[in-house]
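Asks: Sharing a structure below in structure tokens format, with a few things to ask.
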Amino acid sequence: MVPSTGQNSRRLANQILDVVRKARFEPGHHLREQQLADLLGVSRTPVRHALTLLTEEGIVERRPHQGFFLLKAFDTLQRVELAVPQSLDSSLYERLVNDRLAGLIGNSLTQTEIAKRYDVDRVTLTKTLTRMAEDGLLIRNKGHGWSFMPTLDNDEALRNGYQFRLMVEPANFLTAQFKPDKAALERSRLQHLYLASHSDSAAVSNAQLFETDAAFHEMFAEFGGNGFILQAIQQQNRLRKLLEFAGYANRRRVRDWCGEHLQIIDAVAEGDYQLASELMRKHLSHADSAAQPGKKPQAKAPGSRRKAPPQGQAPAISGSP
């Protein structure tokens, strides 16, 4: 089993490599811990751990009393990536969700039934169930066992959810109090660039895809400065989380929505909130159409200056916006 801290350090090391490639750093560049921490939205300690991993790989060197410095040029690192093995609890998490979506397990299960079916130890089982409960997917029964929480599990509820979001999210960009955080915007852009370039990789889990997706929509809700809108988007994310795992199996659609997200980020970064609103409406319309077979997507938003990526044909519940 790979410790979660080791997994996180490897993921962060890969994000640092993406920064190096994007900024086109040359050998000898000083990789400052605080600057990377601010850019990636973490503290200095995990950045130091990630840089230490890159030092072990011969990509970075640590100079006493000076810090970390790049050894290899950005163009020699184009295909370099640290492997991120999946932990036992993350694997069990996804197996439970996917089996529930496929109808292979019932709505309510005991810990004994889960342990027997998936052949897992008690520590892994407890950790996984606790995490799923914290994520709003499971609830402990009054007697014993666990039950999956109700979610967007019918066409009408799914359609209503998208209708609500289409009313709220595009309009949020046009409010007088909308004020983006440049550092948060850049962190999100780097995360999406990473996912877009690794969307077919098994190293990127469905959970990581969902967290990036959900954080993107909640970020703009926060920029709007309206707590009611933020709470509403957070609630929508909790409700759709279970079904999103099925959607992320279609990695072509993942590449598409990463591209759509990046268009919106670029529009906000340029201060074109009207375009961002139109792109968000188009993005949610595409997701709504992907979730409902036979429904035609909304026409291209007027005034769009960026070429949208080709839309993939997704399964019935794979909106994954």
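The values are calculated or read from the model by the stated rules, or taken from the named source; none is laboratory data. None of these values were measured; they are calculated from a predicted model. FYI the Cβ positions are ideal-geometry reconstructions off the backbone, even for glycines, and counts take in every protein chain you see.
Asks: Looking at region 91-108 only, could you name the residues that are out of contact with any Gly (no Cβ under 6 Å at 6 or more places or on another chain) and either surrounded by 14 or more Cβ atoms within 10 Å (Cβ to Cβ) or not in a loop (DSSP other than H, G, I, E, B) (or both)? Show your work before the answer.
Replies: Of all residues in region 91-108, those out of contact with any Gly (no Cβ under 6 Å at 6 or more places or on another chain) come to 91-107.
Answer for region 91-108, where residues must be out of contact with any Gly (no Cβ under 6 Å at 6 or more places or on another chain) and either surrounded by 14 or more Cβ atoms within 10 Å (Cβ to Cβ) or not in a loop (DSSP other than H, G, I, E, B) (or both): Ser91, Leu92, Tyr93, Glu94, Arg95, Leu96, Val97, Asn98, Asp99, Arg100, Leu101, Ile105.
Asks: A further question follows. If I ask for residues that are surrounded by fewer than 14 Cβ atoms within 10 Å (Cβ to Cβ) and on the phi < 0 side of the Ramachandran plot, which ones from region 63-73 would you list?
Replies: Arg63, Pro64, Gln66
Asks: Looking at Leu51 and the list (1) surrounded by 17 or more Cβ atoms within 10 Å (Cβ to Cβ); (2) without any contact (Cβ under 8 Å) to a residue 12 or more places away in the chain, which single condition is not satisfied?
Replies: (2)
Asks: Considering only residues that are out of contact with any Leu (no Cβ under 8 Å at 6 or more places or on another chain) and surrounded by 13 or more Cβ atoms within 10 Å (Cβ to Cβ), look in region 74-90 and name the one that is modelled with the lowest pLDDT.
Replies: The extreme case among them is Gln86.
Asks: Can you name every residue in region 125-142 that is surrounded by 14 or more Cβ atoms within 10 Å (Cβ to Cβ) and closer than 14 Å to Ser90 by Cβ?
Replies: Selection gives Leu125, Lys127, Thr128, Leu129, Arg131, Met132, Asp135, Leu137.
Asks: Residues to consider are Ala299, Ala269; find the one that is surrounded by fewer than 21 Cβ atoms within 10 Å (Cβ to Cβ), modelled with pLDDT under 65 and either in contact with a Lys or Arg (Cβ under 7 Å, 6 or more places away or on another chain) or among the aliphatic types (A, V, I, L, M) (or both).
Replies: On the way: Ala269 fails: modelled with pLDDT under 65.
Exactly one residue qualifies, and that residue is Ala299.
Asks: Applying the selection to region 100-138, what residues are under 20 Å from Ala214 (Cβ atoms) and hydrophobic (A, V, I, L, M, F, W, C)? Walk me through it before giving the result.
Replies: Step one: of region 100-138, the residues under 20 Å from Ala214 (Cβ atoms) are 100-101, 128, 130-138.
Residues satisfying the conditions are Leu101, Met132, Ala133, Leu137, Leu138.
Asks: Can you run down the residue pairs with Cβ atoms below 7 Å, 6 or more apart or on separate chains, where the first is in region 10-23 and closer than 15 Å to Thr52 by Cβ and the partner is among the β-branched types (Val, Ile, Thr) and in a helix (DSSP H, G or I)?
Replies: Between residues of region 10-23 that are closer than 15 Å to Thr52 by Cβ and residues that are among the β-branched types (Val, Ile, Thr) and in a helix (DSSP H, G or I), the close pairs are Leu12/Val47.
Asks: Report every pair of residues separated by at least 6 positions or lying on different chains whose Cβ atoms are under 7 Å apart, first residue within region 266-278 and among the hydrophobic types (A, V, I, L, M, F, W, C), second at pLDDT 95 or above and surrounded by fewer than 20 Cβ atoms within 10 Å (Cβ to Cβ).
Replies: Val268/Pro180
Asks: Step by step: first the residues of region 129-144, then only those that are in contact with a Phe, Trp or Tyr (Cβ under 8 Å, 6 or more places away or on another chain) and either of a type in the set (D, E, K, R) or modelled with pLDDT of 90 or more (or both), then the one that is nearest to Leu239 (Cα to Cα). Which residue is that? Write out each step before concluding.
Replies: Looking only at region 129-144, we keep the residues that are in contact with a Phe, Trp or Tyr (Cβ under 8 Å, 6 or more places away or on another chain), and these are 129, 131-133, 137-140.
After this cut, where a residue has to be either of a type in the set (D, E, K, R) or modelled with pLDDT of 90 or more (or both) as well, the list is 129, 131, 139-140.
Numbers: Leu129: 18, Arg131: 16, Ile139: 14, Arg140: 18 Å.
So, considering only residues that are in contact with a Phe, Trp or Tyr (Cβ under 8 Å, 6 or more places away or on another chain) and either of a type in the set (D, E, K, R) or modelled with pLDDT of 90 or more (or both), the one nearest to Leu239 (Cα to Cα) is Ile139.
Asks: While we're looking at this one, here's another question. Of the numbered conditions (1) under 27 Å from Tyr93 (Cα atoms); (2) in contact with an Asp or Glu (Cβ under 7 Å, 6 or more places away or on another chain), Leu71 satisfies every one except a single condition; which is it?
Replies: (1)
Asks: Right, something else. Starting from region 110-124, keep only residues that are surrounded by 14 or more Cβ atoms within 10 Å (Cβ to Cβ), then list their pairs with residues that are among the charged types (D, E, K, R) whose Cβ atoms are within a distance under 6 Å, requiring at least 6 positions of separation or different chains.
Replies: Thr124/Asp89
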